[in-house]
1. Please indicate, with yes or no, whether at least one residue in region 194-217 is part of a helix (DSSP H, G or I), within 15 Å of LEU138 (Cα to Cα) and at pLDDT 95 or above.
2. Answer with yes or no whether LEU225 is open to solvent by less than 50 Å² (accessible area, probe 1.4 Å), closer than 30 Å to GLY312 by Cβ, hydrophobic (A, V, I, L, M, F, W, C) and not in a helix (DSSP H, G or I).
3. Kindly provide the set of residues from region 122-161 that are under 22 Å from ARG216 (Cβ atoms) and among the hydroxyl-bearing types (Ser, Thr, Tyr), ordered by number.
4. Spot the failing condition for PRO103; the list is (1) modelled with pLDDT of 95 or more; (2) on the phi < 0 side of the Ramachandran plot, and only one is missed.
5. Out of region 145-183, which residues are surrounded by fewer than 16 Cβ atoms within 10 Å (Cβ to Cβ), over 14 Å from VAL69 (Cα atoms) and among the charged types (D, E, K, R)?
6. Report the residue count in region 30-65 for those that are touching a residue at least 60 places away in the same chain (Cβ under 8 Å) and not aliphatic (A, V, I, L, M).
7. Can you find, within region 1-49, the residue that is least open to solvent (accessible area, probe 1.4 Å) among those that are aromatic (Phe, Trp, Tyr) and at pLDDT 55 or above?
8. What pairs come up if the first residue lies in region 197-217 and is under 22 Å from PHE249 (Cβ atoms) and of a type in the set (A, V, I, L, M), the second is modelled with pLDDT under 70 and in a loop (DSSP other than H, G, I, E, B), and their beta carbons are under 6 Å apart, counting only those six or more places apart or on different chains?
Amino acid sequence: MGEPSTYCPLSLIKQTERTSAEAQHGYIPGHLLAESPETAGKSALIRIWSRRHIEESLLIPAVAEPLIVWVLSGAAALEERELQGSWRRHTLLTGSFCLTNTPAPYELRWQTIGTDPFHVMHLHLALPVFNDAAREVLQQTDVEVPLQTIFGGTDHVLSLLLKQMHLEVISKNVASPLFINGVAQSLAVHLVRTYHDKTATPVARQGVLPTSRLRRVIDLMEGRLGEDFKLEPLAHEAGMSAFHFSRLFKRTTGFAPSQFFIRLRMAEARRLLRETDKRIIDVGLEVGYSSPSRFSHVFQRQVGISPNAYRGS
């Protein structure tokens with residue numbers, strides 16, 4: 001069992017309305033039992049806690065990342081409220097979950113029910129993973145995707161995914177970042193599909209390409225896969241300078257325009273290798289590589305195997 005976490009009393013935390021996912025745990029007293037490796041932090045931050053039986057007036061700072069709290073053992077009567085709001089009471093049972101993604105801090109208090117230890121797993125989902133899921137499911141890039149706030153909910157699919165995360169973190173083996181990333185992506189898609197708050201007023205996402213402009217740019221890229229990459233026509237299509245376009249494109253997609261262009265090329269190459277009998281050299285030419293060795297090198301680096309092995313797999 002880990003050392004008790006340091007935490008801030010209500011009188012001090014009032015000055016801290018927002019914090020990072022990594023620091024939020026410092027505002028809730030408890031014993032840290034296990035956590036995901038730092039290398040998994042790109043997709044999810046997971047911590048398993050033993051919480052105290054009674055807790056009064058904890059003000060929790062808001063974080064940008066969606067947070068899921070899953071009850072591993074025990075039960076509790078929990079109350080929550082916005083600042084200066086009315087208390088709302090919920091019952092947390094083993095297997096139930098809480099979901100928060102609020103831009104404002106909120107207050108919690110609870111008392112456990114029964115004598116079982118009150119153990120919970122906290123999972124902060126990394127924003128790039130969540131934003132990728134929102135982009136795929138909702139086809140939106142230019143607005144924030146709000147989630148419902150839930151306390152004491154039950155969800156069979158969510159529980160199955162969280163159980164896999166829990167088992168991976170407590171395993172005697174070193175937790176696999178690749179495994180955690182895969183489950184985190186599934187979690188993100190499930191959250192967007194199931195808990196997207198359609199009643200919330202859409203808020204424009206700052207510093208990203210609007211969906212319509214991004215679509216036009218990608219269409220232009222797809223029409224020029226056989227040509228050399230040129231940034232200026234893409235920026236012109238988006239109606240902005242090359243510098244500004246590059247910065248917003250990467251913030252929106254997670255990739256620089258040139259990197260995204262290569263990914264589109266490789267996607268088309270994989271399709272041609274699977275669906276046609278074209279020679280590998282001709283496939284390379286069709287996606288812009290006049291040198292067979294260069295095409296093979298880029299394909300191997302992006303896909304993980306050679307074009308010939310991919311066709312034969």
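The values are calculated or read from the model by the stated rules, or taken from the named source; none is laboratory data. Remember, it's a predicted structure, so these values are computed and weren't measured experimentally. Positions of Cβ are generated from backbone atoms using ideal geometry, with glycine treated the same way; all protein chains shown enter the neighbour counts. Side chains included, ligands, DNA and RNA excluded: accessible areas come from the protein's heavy atoms. Shrake-Rupley method; radii C 1.70, N 1.55, O 1.52, S 1.80 Å.
1. yes
2. Judged against the criteria, LEU225 is a match.
3. Selection gives THR141 alone.
4. Only one criterion in (1) modelled with pLDDT of 95 or more; (2) on the phi < 0 side of the Ramachandran plot is unmet by PRO103, namely (1).
5. LYS172
6. Of the residues in that region, 14 qualify.
7. Ranking the candidates gives TRP49 first.
8. Going by the 6 Å Cβ cut-off, the qualifying pairs are VAL208/THR141; VAL208/ASP142; LEU214/THR141.
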